[in-house]
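The values are calculated or read from the model by the stated rules, or taken from the named source; none is laboratory data. All values reported here derive from a predicted model rather than from experimental measurement. Here Cβ is always computed from backbone atoms with ideal geometry, including for glycine, and neighbour counts include all displayed protein chains. Please note that ligands, DNA and RNA were not included when accessible areas were found on the heavy atoms of the full protein model with its side chains. Shrake-Rupley method; radii C 1.70, N 1.55, O 1.52, S 1.80 Å.
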Amino acid sequence: MCVVAHPDDECFAFGGALALAAARGVESYVVCLTEGQAATYRGNAESGAALGAMRRAEFAASCDVLGVRHHELLDYQDGRLEFANFPQAASRLVERIRRFRPDVVITFGADGGLNTHADHMMVSMLTTAAYHWAGRPKRYPDLATPHQARRLFHLSTAYFLPERQSPQPMPWSVTLDIRGVQATKNEAFRQHVSQAPLMEKTQSTFEQYGGYEHYALVATAAPQPVCLMTDLFEDL
Ligand SMILES: [Zn+2]
């Protein structure tokens with residue numbers, strides 16, 4: 001299960017992990033909290049609602065390319081996640097974790113990702129709380145049967161975007177070699193037609209560094225020291 005803030009996060013940030021999971025037959029589910037109505041690049045949309053509808057369709061097309069079997073867009077306002085009611089938003093994720101019952105959950109790190117977006121920070125904190133709370137019967141006792149996923153990973157990075165203030169990324173413990181699915185990841189990004197100028201802007205960085213995705217294991221079922229991994233599903 002992958003939790004993101006905006007349509008296109010699923011591919012530019014997590015596309016490699018999702019495509020690799022699909023290739024080995026793992027059933028995946030992406031939850032996106034906003035429609036991305038506040039994006040800088042707006043295609044020919046004349047309103048936030050029109051852009052949201054456009055991006056909703058682009059998100060579905062991208063998930064199809066990545067082999068994501070279940071995907072859902074929630075109705076939070078893009079750019080405003082830090083003002084959302086925390087326990088209420090977390091409960092919506094708790095409910096989804098309990099119904100889908102994932103082994104592995106992935107989301108952004110608290111740094112907000114490559115562009116340090118506050119929505120990315122909030123999705124990290126909400127998902128981290130929901131990951132733990134989903135397994136505790138005392139939290140939201142009326143929401144489905146508790147489920148404790150086995151591992152939570154935060155996205156990290158080994159490089160920064162030029163002309164952007166750099167995040168302070170969490171040291172990674174997982175290096176995913178995504179070169180075999182990089183074309184799929186790019187194809188998914190191309191489904192976000194309204195965001196084509198963004199793709200063009202970031203293309204050279206992704207060409208240079210895009211063969212790998214980096215994650216930090218931040219919660220796990222068994223106590224263990226930090227160990228380096230090359231697979232989110234190692235030994236599961
Ligand atoms: Zn985003």
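Residue check: is residue 57 more than 14 Å from the ligand (Cβ to nearest atom) and either over 25 Å from residue 110 (Cα atoms) or aliphatic (A, V, I, L, M) (or both)? So residue 57 passes the test. There is at least one residue in segment 187-198 that is modelled with pLDDT of 95 or more and assigned to a loop (DSSP other than H, G, I, E, B). Of all positions in segment 71-85, at least one carries a residue that is in a helix (DSSP H, G or I), within 16 Å of the ligand (Cβ to nearest atom) and touching a strand residue (DSSP E or B) at 6+ places or on another chain (Cβ under 8 Å). Within segment 8-53, restricting attention to residues that are hydrophobic (A, V, I, L, M, F, W, C), within 16 Å of the ligand (Cβ to nearest atom) and open to solvent by 30 Å² or more (accessible area, probe 1.4 Å), which residue is nearest to the chain's Cα centre (by Cα)? Among residues in segment 8-53 that are hydrophobic (A, V, I, L, M, F, W, C), within 16 Å of the ligand (Cβ to nearest atom) and open to solvent by 30 Å² or more (accessible area, probe 1.4 Å), the one nearest to the chain's Cα centre (by Cα) is 12.
Scanning for something of a type in the set (Ser, Thr, Tyr), in contact with a Leu (Cβ under 9 Å, 6 or more places away or on another chain), assigned to a helix (DSSP H, G or I) and in contact (Cβ under 8 Å) with a residue 12 or more places away in the chain, does segment 25-47 turn up at least one residue?
Within segment 25-47, the first condition is being of a type in the set (Ser, Thr, Tyr), and the residues that meet it are 28-29, 34, 40-41, 47.
Then drop every residue that is not in contact with a Leu (Cβ under 9 Å, 6 or more places away or on another chain), which leaves 28, 34, 40-41.
Those still in the list that are assigned to a helix (DSSP H, G or I) too: none.
No, because not a single residue in segment 25-47 is of a type in the set (Ser, Thr, Tyr), in contact with a Leu (Cβ under 9 Å, 6 or more places away or on another chain), assigned to a helix (DSSP H, G or I) and in contact (Cβ under 8 Å) with a residue 12 or more places away in the chain.
For residue 123, are the conditions met, namely being touching a Leu at 6+ places or on another chain (Cβ under 7 Å) and within 14 Å of the ligand (Cβ to nearest atom)? Please lay out each step first, then the result.
Details: touching a Leu at 6+ places or on another chain (Cβ under 7 Å): yes; within 14 Å of the ligand (Cβ to nearest atom): yes.
Yes.
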